[in-house]
Amino acid sequence: MLTVASGEATLDRSNVYQWYKTFSEGREDVNDEQHAVCMSTSRTYENIDEVKKIVLANRQIIVREVAEDLNISIRSCHSIFTNDLGMRQVATKFVPKFLNFDQKQQCITIGNELLDSVRDDRNLLQRVITSNESWAYGYDVEFIAQSS
């Protein structure tokens, strides 16, 4: 009957029984109760920096070893790897998803230097030579002109 009346927004049977039990035991408030929020004491800036140093020193280290070294949970350590350092696990090694934090900073630095160079010399990009593979082999221009 609830499903017909409310459609897909209806609670499933086990939740209905749980609410019924809760209200039959004397609860009158329909709002959620306040839950204790546990603050993470493992994902601190110090631990993140330590994990970064450990991984950069040994790329083949596993999460469990890092967690044991820092005396933090494996779950917190894994969260630091994936969320804070932007790394993922590939065949028991942690490698950057795309670029690691140092490589991203280096790209920004090089990009800013290139922009400064272009601002200083407007003709810089006209002196850049680009090519594709076919051009790199070199063609005889006279031969191509005669055949066409």
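Just a few scattered comments:
- The amide H of R88, built 1.01 Å from its N in the peptide plane, has V95, K97 as neighbours under 5 Å, considering only residues 5 or more places off or on other chains.
- Under Karplus coefficients 6.51, -1.76 and 1.60, residue-wise ³J(HN,Hα) of the stretch 62-68 in Hz, glycine/proline x: 9, 4, 4, 5, 5, 4, 5
Readers should treat all values here as calculations from the given coordinates under stated rules, not as data from a laboratory. Note that the structure is predicted; figures quoted are calculated from it, not measured.
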